[in-house]
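Each value in this text was obtained by applying a stated rule to the coordinates, not by laboratory testing. As the structure is a prediction and not an experimental result, all values here were calculated from the model. When we count neighbours, we look across all protein chains shown, and the Cβ atoms used for this are built from the backbone with ideal geometry, even at glycine.
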Amino acid sequence: MATLQTRSAARLMMTPAVLMLFIWMIVPLAMTLYFSFLRYNLLMPGMEEWAGTLNYRYFLTDPAFGAALVNTLLLVGGVLLITLVGGTLLALLLDQPFFGQGIVRLLVIAPFFVMPTVSALVWKNMLMHPVYGIFAWIARTFGLQPVDWLNNLPLFSVTMIVAWQWLPFATLILLTALQSLDEEQKEAAEMDGAGPVSRFIHIVLPHLARAMTVVVLIETIFLLSVFAEILVTTNGGPGTASTNLTYLVYAQALLQFDVGGASAGGIVAVILANVVAIFLIRLIGKNLET
Amino acid sequence: MGSITLEKVSKSFGTTKVIPEIDLEIADGEFVVFVGPSGCGKSTLLRIIAGLEDATSGAIHIDGRDATREAPAKRGLSMVFQSYALYPHMSVYGNIAFPLKMAGEAKSTIDDKVRSAAGVLNLTDYLDRKPRQLSGGQRQRVAIGRAIVRQPKAFLFDEPLSNLDAALRVNMRLEISELHHQLKTTMVYVTHDQVEAMTMADKIVVLNAGRIEQVGSPLDLYRSPKNLFVAGFIGSPKMNLIAGAAAAKENATTIGARPEHIGLSKTEGPWQGTVTVVEHLGADTFVHADVDDVGPVTARAPGEFLVKHGERVFLTPDAEKIYRFGADGDAL
């Protein structure tokens with residue numbers, strides 16, 4: 001695309017796609033913004049009226065909002081921590097040559113292909129159930145009191161479920177990064193007297209930094225909007241103990257039929273996502289530059 | 001002190017024997033070059049000495065001490081890799097300091113040693129740069145710097161110049177030779193380029209298919225190659241190897257004559273041939289000719305020798321410098 005003519009032709013060709021994407025984005029955003037300033041309740045159709053900033057004041061002063069905000073950040077942070085640490089360790093393990101490597105790699109990646117609702121149901125009924133769950137059986141085998149995971153540790157349980165789903169993604173990205181590490185560099189470090197631990201800290205980790213950045217950025221986008229796992233397992237409860245921002249917006253709109261308040265929550269969530277994005281790009285985006 | 005002795009060292013990958021039993025002595029302070037065509041096992045041999053590969057059998061003594069089962073870092077050798085293997089996220093300073101840091105030396109000692117190594121290698125102005133901001137030659141020097149700060153018993157070079165362009169290669173060749181004179185440390189150098197071997201080595205080890213074909217000083221190998229392989233490998237352009245009637249006249253299966261030992265004339269000589277290609281290098285002229293009843297022969301004439309493709313020339317091999325080889329390829 002060197003000449004003036006090809007450049008303007010390219011612009012012309014791209015215009016429909018760009019316009020389409022722009023409309024796709026701006027119409028829902030504008031409507032949400034508009035609704036967020038209305039008194040709009042599904043139980044009273046046709047009675048919408050201008051409400052000013054009432055919805056925002058209502059949503060932001062709701063005690064559930066503070067809890068949801070903290071839960072959202074804890075959930076995202078917790079899952080990121082587990083997937084990064086676990087993913088790195090698993091990638092190191094899978095990078096070793098061993099018998100049945102192909103099968104094991106496939107098994108490790110499998111959770112990523114399970115739908116969120118399905119995996120949440122499996123965890124809820126087969127693993128974490130206080131009566132017939134496997135964890136309860138293990139606890140009883142050792143003579144311990146089974147834990148009622150979803151009631152006593154709801155946010156932790158949801159974090160575990162989501163982390164289980166995202167661990168394969170982190171492992172896959174980090175494994176490919178690990179395999180691209182120059183063999184001679186490792187050998188050079190070995191000759192330079194670096195033991196396995198120093199080699200990991202000084203050679204492998206810096207090499208993985210960029211892949212980790214990618215994992216953090218992509219996972220954060222998806223983890224801010226975790227919903228199905230919460231709906232299926234805890235319904236955001238007990239109380240608001242496992243309610244995140246996404247679930248709070250859902251509850252506002254479809255359990256309390258308050259579309260105006262939910263829209264205000266949606267806008268708050270958009271702002272939060274942008275704050276997190278700016279923060280992340282400032283913090284680790286420089287890793288993506290060459 | 002840095003003598004290295006290999007005793008009956010062999011290496012197999014699975015059932016393939018890459019290196020049959022090899023014995024080799026490398027004296028302290030010697031510059032030894034392993035040379036051979038690609039795939040001849042020279043790099044594997046170097047990696048066995050370094051400890052990056054285990055020898056299947058045999059023993060390696062470094063400085064008289066048995067090092068066969070020692071970890072690479074314990075052997076007190078340092079290695080310069082073909083890809084340089086610099087640490088991309090560390091500055092030049094960090095790269096050179098890394099082995100010292102791993103050895104747990106004090107900060108001030110590290111600083112002194114890094115700066116003096118950088119001084120030797122003209123890297124002082126680049127200490128803050130990252131490897132990707134350096135040219136090929138500078139990267140090469142950083143890799144050498146990383147090797148010399150540890151003051152190893154011996155340096156191992158694995159084809160260190162093959163990623164450089166021709167002009168730089170000649171320069172670095174001189175620099176490495178100079179470094180050897182300065183440090184007087186044992187150096188083991190692997191290359192497939194016989195010019196590098198001839199110009200730098202105190203002792204050349206010619207390898208072929210894992211076997212040592214001949215060991216000797218560059219001129220020894222040039223003057224008296226033990227067999228056909230060494231004869232064809234050492235010297236540039238290659239020695240002319242002629243079989244058939246011309247060889248039978250000398251009571252040999254094959255005879256060899258180096259291009260520089262064949263006289264060229266436009267008027268007289270025992271061999272007559274048609275010129276196929278002429279290469280004018282200024283100082284020399286290489287004439288490739290198709291000699292009647294002998295086959296293709298390359299001859300080297302000093303200075304300018306003006307012939308053209310298709311012309312007839314006469315060649316006179318120097319009778320005293322004809323090499324004779326038997327049916328098994330060994331020199332007679």
| said: Once you compute Rg and the Kirkwood Rh from C-alpha atoms, what is the Rg to Rh ratio for the protein assembly as shown? | reply: 1.17
| field | Residues whose placed amide H lies under 5 Å from that of B:GLY263, excluding near-sequence neighbours | value | B:THR316, B:ASP318
| request: Could you please state, rounded to a whole Å, how far the C-alpha centre of the stretch B:14-59 is from the C-alpha centre of the stretch B:281-332? | output: 35 Å
| said: If Rh is defined by the Kirkwood formula over all Cα pairs and Rg also comes from Cα, what ratio Rg/Rh do you get for the stretch A:219-290? | reply: 1.09
| field | Spherically averaged projected area of the stretch B:128-259 from its Cα convex hull (nm²) | value | 10.2 nm²
| query | Mean Kyte-Doolittle of at least -0.5 and a Cα length of 24 Å or more along the axis: which whole DSSP H helices of chain A meet both? | reply | A:4-35, A:63-94, A:154-179, A:205-223, A:259-284
| request: May I ask you to order B:190-197, B:154-161 by the average number of other C-beta atoms within 10 Å around their residues, highest value first? | output: B:154-161, B:190-197
| task | Starting from the Kirkwood radius over alpha-carbon pairs of the stretch A:168-290, derive D by Stokes-Einstein at 10 °C in a medium of 1.306 mPa s and give it in µm² s⁻¹. | result | 90 µm²/s
| message | Over the Cα atoms of the stretch B:42-113, what radius of gyration and what Dmax do you get, in Å? | response | 14.8, 43
| query | Where nothing but the Cβ of Lys and Arg (+1) and of Asp and Glu (-1) is charged, how large is the charge dipole of the stretch A:63-288 around its Cα centre, in debye to the nearest 20? | reply | 400 debye
| task | Grab every C-alpha pair in the stretch B:13-61, bin the distances at 10 angstrom width from 0 up to the longest one, and report whole percents. | result | 20, 59, 19, 2
| Farthest toward positive dipole pole in the stretch B:4-230 [+1 Lys/Arg, -1 Asp/Glu at C-beta], among B:GLN151, B:SER57, B:ALA106 | B:ALA106
| query | Can you give the angle from 0 to 90° between the axis of helix B:92-102 and the longest principal axis of chain B, with both taken from C-alpha atoms, to the nearest 10? | reply | 70 degrees
| task | Kindly provide the helix-only [θ] at 222 nm of chain A, computed as the sum of -39,500 (n - 2.57) over DSSP H runs of four or more divided by all residues, to the nearest 500 deg cm²/dmol? | result | -22000 deg cm²/dmol
| Helical mean residue ellipticity (222 nm; -39500 (n - 2.57) per DSSP H run of 4+; nearest 500) of chain B | -7500 deg cm²/dmol
| message | Given Cα positions, please report Rg to Rh for the stretch A:117-187, the hydrodynamic radius being the Kirkwood one. | response | 1.24
| request: Decide, for the stretch B:216-305, between rounded, prolate and oblate: order the square roots of the alpha carbon gyration tensor eigenvalues as a ≥ b ≥ c, take rounded if a/c falls under 1.5, and otherwise choose prolate if a/b is larger than b/c, else oblate. | output: oblate
| query | Roughly how large, in nm² to one decimal, is the mean projection of the convex hull of the alpha-carbon atoms in the stretch B:1-84? | reply | 5.8 nm²
| request: Beyond 21 Å, what share of the Cα-Cα pairs of the stretch A:17-83 is found? Please give it as a whole percent. | output: 54 percent
| query | Quick one: helix B:166-183 against the long Cα principal axis of chain B, what's the angle to the nearest 10°, folded into 0 to 90? | reply | 60 degrees
| Where does helix B:136-148 land angle-wise versus the long Cα axis of chain B, in degrees 0 to 90, nearest 10? | 60 degrees
| Using alpha carbon centroids, what distance separates the stretch B:142-183 and the stretch A:19-56, in Å? | 71 Å
| task | Please give the average number of partner chain Cβ atoms lying within 10 Å of the Cβ of each residue in B:64-75, rounded to a whole number. | result | 2
| query | What trypsin sites (Lys or Arg not before Pro) in the stretch A:8-72 are in a loop by DSSP, with at most 10 other Cβ atoms within 10 Å of the Cβ? | reply | none
| field | Residues with amide H under 5 Å from that of B:PHE157, placed H, sequence gap 5 or more | value | B:VAL80, B:VAL188, B:TYR189, B:VAL190
| task | Determine one quarter of the surface area of the Cα convex hull of chain A, which equals its mean projected area, and express it in nm² to one decimal. | result | 23.2 nm²
| query | Could you give the semi-axes, largest first, of the ellipsoid that matches the stretch A:48-147, computed as the square roots of 5 times the alpha carbon gyration tensor eigenvalues and rounded to whole Å? | reply | 39, 23, 14
| request: Evaluate peptide B:84-90: per residue, the Cβ atoms of other protein chains within 10 Å of its Cβ; return the mean as an integer. | output: 6
| message | Tell me the Kirkwood radius of chain B: reciprocal of the mean inverse pair distance over distinct alpha-carbon atoms, in Å. | response | 22.1 Å
| task | Just round it to a whole percent: the fraction of Cα-Cα distances in the stretch B:22-148 exceeding 22 Å. | result | 46 percent
